[in-house]
Amino acid sequence: MRIITAGALGLSLLALTACSKPQWKEYDYPAWGFGVSFQAQPGVTETPATANAPHSLQAEATQDGVDLVVIAIDSQATGKSDQDILADIPDEMVRSSEGTVKSNVNATAGKLVGREITIDHGADPTERARVFVLNGRVYQVITQTPQDSDAATGTKFLDSFHLLAK
């Protein structure tokens, strides 16, 4: 009888473990100076600079139906200050996404101040992006959450972004 009970308990624990969500894991990108957490290995695409586009890195994954993306762009060639680049980005994001700004507020990553922009796309997923600029490098940390989904996954992802110490 005890063997059957122990076996049933073991199977129950195994089933619970199989159903649990993966743990968040930090992924660091030292060449780009940042780290961020995902629950699954992100897909990473690095694009070299061309005559028409700057060098960039994109890391992305989908978790709980929420798209999670970090884009780092080397914008030093623009000749603009970090503040000018940061001031231009919200308008550019809205134009390129064809959405409507729901909010545009200050955001921080450690001591670095940036912007958090929420863009409504009607029936399409709402987009939240935190944008930071440091030494001509633009960091866009973006989530897209379907209307009926919990925003907690996106918030945890946004909050996990940080600059690496040099």
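The values are calculated or read from the model by the stated rules, or taken from the named source; none is laboratory data. Computed from a predicted model, the values in this text were never measured in an experiment. Every residue, glycine as well, gets a Cβ built from its backbone with ideal geometry; the counts of neighbours run over all protein chains shown. Remember, those area values only see protein heavy atoms, side chains included, never the ligands or the DNA or RNA. Shrake-Rupley method; radii C 1.70, N 1.55, O 1.52, S 1.80 Å.
Which aspartates and glutamates have a Cα less than 20 Å from the Cα of LYS80, not counting those fewer than 8 places away in the same chain?
ASP88, ASP91, GLU92
For LYS166, which lysines qualify as cross-link partners when the Cα separation must be under 19 Å and same-chain residues fewer than eight apart are set aside?
Correct list for LYS166: LYS111.
With angles folded into 0 to 90 degrees, how steeply does helix 82-97 sit against the dominant principal axis of the chain? Use alpha carbons for both and round to 10.
70
So what's the gap between the Cα centers of region 107-166 and region 74-94, to the nearest angstrom?
Value for the Cα centre distance between the two parts: 16 Å.
Taking the Cα centre of the chain as origin, work out the dipole magnitude from +1 charges on Lys and Arg Cβ and -1 charges on Asp and Glu Cβ, in debye rounded to 20. Before the final figure, lay out the partial values.
Working: 13 positive and 20 negative charges, 137 e Å.
For this selection, approximately 660 debye.
Using Cα pairs closer than 8 Å and at least 6 residues apart in sequence, work out the relative contact order for region 26-69, in percent. Walk me through the intermediate numbers first.
Values: 51 pairs, mean separation 11.7, N = 44.
Averaging sequence separation for qualifying contacts and normalising by length gives 27 percent for region 26-69.
Taking LYS156 as the anchor, which lysines have their alpha carbon closer than 18 Å to its alpha carbon, excluding any fewer than eight residues away along the same chain?
Candidates past the 8-residue exclusion: LYS21, LYS25.
Along Cα→Cβ, 7 Å out, is where each label goes; now give me the distance between the ones at LEU112 and GLN83 in nm to one decimal.
1.9
So if the hydrodynamic radius of the chain is defined as the Kirkwood radius over C-alpha pairs, what does Stokes-Einstein give as its diffusion coefficient at 37 °C and 0.692 mPa s, in µm² per second? Walk me through the numbers before you get to the answer.
On the way: Rh = 17.6 Å.
For these conditions, the coefficient is 186 µm²/s.
Kindly provide the helix-only [θ] at 222 nm of the chain, computed as the sum of -39,500 (n - 2.57) over DSSP H runs of four or more divided by all residues, to the nearest 500 deg cm²/dmol?
Numbers: 3 runs with 43 residues, N = 166.
Result for the chain, helices only: -8500 deg cm²/dmol.
Just the accessible area per residue of region 35-101, please: how many Å² with a 1.4 Å probe? Working shown, then result.
Working: 3740 Å² over 67 residues.
On a per-residue basis, 56 Å².
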